[in-house]
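Participant: My questions all concern the structure below.
The values are calculated or read from the model by the stated rules, or taken from the named source; none is laboratory data. Bear in mind that the values here come from a model prediction, so they are computed numbers and not experimental data. Because the Cβ atoms are built from the backbone with ideal geometry, glycine has one as well, and the counts that use them run over all protein chains shown. Accessible surface areas use protein heavy atoms only, side chains included; no ligands, DNA or RNA. Shrake-Rupley method; radii C 1.70, N 1.55, O 1.52, S 1.80 Å.
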Amino acid sequence: MAVAIAGLGLMLAHVTLEVVLRLMGVVSQLQTITFVSACYMVAVIFCALPYAESREGHISVDLFTSMLPQGVRQALQRIGHGVIALCLGVVAWVSFEEAWDKTLRGEIWETSTGYFVVWPGRWAVALAFAALALRNALRFLRQDPPRHDNSMEQV
């Protein structure tokens, strides 16, 4: 989360500086759009995902599952974490392959003022998906076994 917050702060400062320079009539060479799209937004979006997942900050709709018995809900949740871990693991693997390939090639973007190295942003994506896959795998492995819900019997 610290990386995402730092990216957001840097993006805010960079864009603000660009606006101030334009208002002063200075033609800037800050490559703001390139920095925002290749660095800051990657950090803000992908580095915040593992934090949201760790806090269970994702969207959850329990419209039908809330009517199921507790044991069935826990089993479905465990299966869901396993499937999500596998899918995110595949995305992480592909992202790592892409990051490795782009690193070896020295991926750059041509801009109006020269060239801009963009391959480091690929690693943030790969690491974020690996963290998401690991978190869901741990949830799958550590989930408590289904328990009998005695709350109705006590009433």
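Participant: Name the single residue, out of those in the stretch 109-133 being assigned to a loop (DSSP other than H, G, I, E, B) and of a type outside the set (Gly, Ala, Ser), that is least open to solvent (accessible area, probe 1.4 Å).
Facilitator: 118
Participant: Going by the structure shown, is residue 147 modelled with pLDDT under 85, more than 18 Å from the chain's Cα centre (by Cα) and of a type in the set (Lys, Arg)?
Facilitator: Against the criterion (modelled with pLDDT under 85, more than 18 Å from the chain's Cα centre (by Cα) and of a type in the set (Lys, Arg)), residue 147 qualifies.
Participant: Report, by residue number, each residue of the stretch 9-19 that is among the aliphatic types (A, V, I, L, M) and either surrounded by 16 or more Cβ atoms within 10 Å (Cβ to Cβ) or free of Cβ contacts under 8 Å to residues at least 12 places away in the same chain (or both).
Facilitator: 10, 11, 12, 13, 15, 19
Participant: For the stretch 20-32, state whether one or more residues are in contact (Cβ under 8 Å) with a residue 12 or more places away in the chain, open to solvent by less than 40 Å² (accessible area, probe 1.4 Å) and not polar (S, T, N, Q).
Facilitator: No, the conditions are met nowhere in the stretch 20-32.
Participant: Which residues, counting only those in the stretch 85-98, are hydroxyl-bearing (Ser, Thr, Tyr) and open to solvent by 80 Å² or more (accessible area, probe 1.4 Å)?
Facilitator: Hits for the stretch 85-98: nothing passes.
Participant: Anything in the stretch 46-84 that is free of Cβ contacts under 8 Å to residues at least 40 places away in the same chain, open to solvent by 70 Å² or more (accessible area, probe 1.4 Å) and in a helix (DSSP H, G or I)? List them, or say none.
Facilitator: Of everything in the stretch 46-84, those that are free of Cβ contacts under 8 Å to residues at least 40 places away in the same chain, open to solvent by 70 Å² or more (accessible area, probe 1.4 Å) and in a helix (DSSP H, G or I) turn out to be 67, 73, 76, 79, 83.
Participant: Of the numbered conditions (1) modelled with pLDDT of 95 or more; (2) open to solvent by less than 70 Å² (accessible area, probe 1.4 Å), residue 106 fails exactly one; give the number of that condition.
Facilitator: Against the list (1) modelled with pLDDT of 95 or more; (2) open to solvent by less than 70 Å² (accessible area, probe 1.4 Å), residue 106 comes up short only on (1).
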